[in-house]
1. Restricting to segment 66-75, name every residue that is among the charged types (D, E, K, R), free of Cβ contacts under 8 Å to residues at least 40 places away in the same chain and surrounded by 14 or more Cβ atoms within 10 Å (Cβ to Cβ).
2. In segment 45-94, which residues are assigned to a helix (DSSP H, G or I), small (Gly, Ala, Ser) and more than 23 Å from Phe10 (Cα to Cα)?
3. Name every residue in segment 29-44 that is assigned to a helix (DSSP H, G or I) and either of a type in the set (S, T, N, Q) or free of Cβ contacts under 8 Å to residues at least 24 places away in the same chain (or both), in order of residue number.
4. Here are some residues: Arg106, Arg51, Arg28, Arg100. Which one is under 20 Å from His7 (Cα atoms) and surrounded by fewer than 16 Cβ atoms within 10 Å (Cβ to Cβ)?
5. When you scan segment 31-52, how many residues do you find that are under 23 Å from Arg82 (Cβ atoms) and polar (S, T, N, Q)?
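Rule-based calculations on the coordinates, nothing more; no lab input. Bear in mind the structure is a predicted one, so any value in this text is a computation, not a measurement. Counting neighbours? That spans all protein chains shown, and the Cβs are built from the backbone with ideal geometry, glycine included.
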Amino acid sequence: MEEQKSHKLFYSIGEVAKMFDVNTSLIRFWEKEFDIIKPKKNKKGNRLFTRSDVDNFHIIYHLVKERGFTLDGAKKKLKENREETVNNIEVVKTLQKLKRFLLELREGID
């Protein structure tokens, strides 16, 4: 997943799909499957996702795409142990940043 540095109030479905390198149809599908995703809609009916929605998509992406959970398994995990899942994701992100830093450092030494 590509890290998004901006702090916008709302993100379009295209922006969210780009963050996770997935199709917009998958974003719409996950929105219907997971009740924690609740986008606002503008007058045209376009979905507007909040930072909270994006964070929830990150959790879903991690469980389904990175850890290989089924949709039912991901739903169950979120209901039973959401806090632990969020903490695990944060640990993984920190370790990935550390790995990138160390690889860059090694390249600088060579």
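1. Arg67
2. Selection gives Gly73, Ala74.
3. Phe29, Glu31, Lys32 - these are the residues of segment 29-44 that are assigned to a helix (DSSP H, G or I) and either of a type in the set (S, T, N, Q) or free of Cβ contacts under 8 Å to residues at least 24 places away in the same chain (or both).
4. After ruling out the rest, the residue left standing is Arg51.
5. 2
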